[in-house]
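For reference, the structure discussed in these notes is given below.
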Amino acid sequence: MSGGVDKQAELDAFFVDCTNFEGDIFGGPVCGADSITYHNIIHLTCLNNKRHKDLNVSHEGECCRQDACLGGWPWGTGKVCSSNGRTYPSPAAVHCLRKFNSRVSIVHEGGCTTEDISARMRLRAQVCLIARHRFEVNPVCAADHKTYVNPFVFLCFKPHLTVLHDGRCLPEDSPCVRRARLEDRGTPVCGSDGVTYATPDFLACVQRSKDPSQ
């Protein structure tokens, strides 16, 4: 009997403050059997000890229930970056999320950037898990002149590239347009598509971008 008491005393001494176990150093988030996301397995174990419960882990990663806060608000200009590194369509969506995790807050207006995410998530595996299982409209334009639906997808599948800017790629992001601006000389020419191009080199660049064999 005394052995059990001693063990409980050791647990109580170790798990004095559960906020000490909320850091990423203890692992990634887990979804409890109560459909609530906990910072990591140690954090859940600490709370179990405090509450005298034996709540199990349902699965690794955040509970899908939190994605319910993505619904009901259209993706538009009102999106915000949350302290969990995710972008939400409106401040109201983050307030909804706080019902499941009271420590979540709004970091800034506008979507989370690749820098925001990289600062909070050191492991590429964690980023890729979110990229594959989370719907988020927060496009970025990469150096390959392609638009990626959100920074998670970009960081997971194209980590070697740099970001040109947040938002969708624009026509002026094309290397042909930038080259034409730098080499603003020559006679305008009319292409077979009926479009006037600033220089013959500009037309040739556009043709190569459409057909690399040229």
Filter segment 63-83 for residues that are within 19 Å of residue 36 (Cα to Cα) and modelled with pLDDT of 90 or more; the one that is surrounded by the fewest Cβ atoms within 10 Å (Cβ to Cβ) is 83
*asked:* Given the criteria touching a Lys or Arg at 6+ places or on another chain (Cβ under 8 Å) and of a type in the set (D, E, K, R), does residue 115 qualify?
replied: no
Here the residues within segment 26-41 that are part of a loop (DSSP other than H, G, I, E, B) and not hydrophobic (A, V, I, L, M, F, W, C) are 27, 28, 29, 34, 35, 39, 40
Scanning segment 105-141 for residues that are farther than 26 Å from residue 90 by Cβ and not basic (Lys, Arg) gives 123, 125, 128
Looking across segment 91-102 at residues that are in a loop (DSSP other than H, G, I, E, B) and touching a strand residue (DSSP E or B) at 6+ places or on another chain (Cβ under 7 Å), the single one that is modelled with the highest pLDDT is 101
Condition set within 25 Å of residue 120 (Cβ to Cβ) and touching an Asp or Glu at 6+ places or on another chain (Cβ under 9 Å), scope segment 43-62, selection surrounded by the fewest Cβ atoms within 10 Å (Cβ to Cβ): answer is 58
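The values are calculated or read from the model by the stated rules, or taken from the named source; none is laboratory data. As the structure is a computational prediction, the values presented were derived from the model and not from experiment. Glycine also receives a Cβ, built like all others from the backbone with ideal geometry; neighbour counts cover every protein chain displayed.
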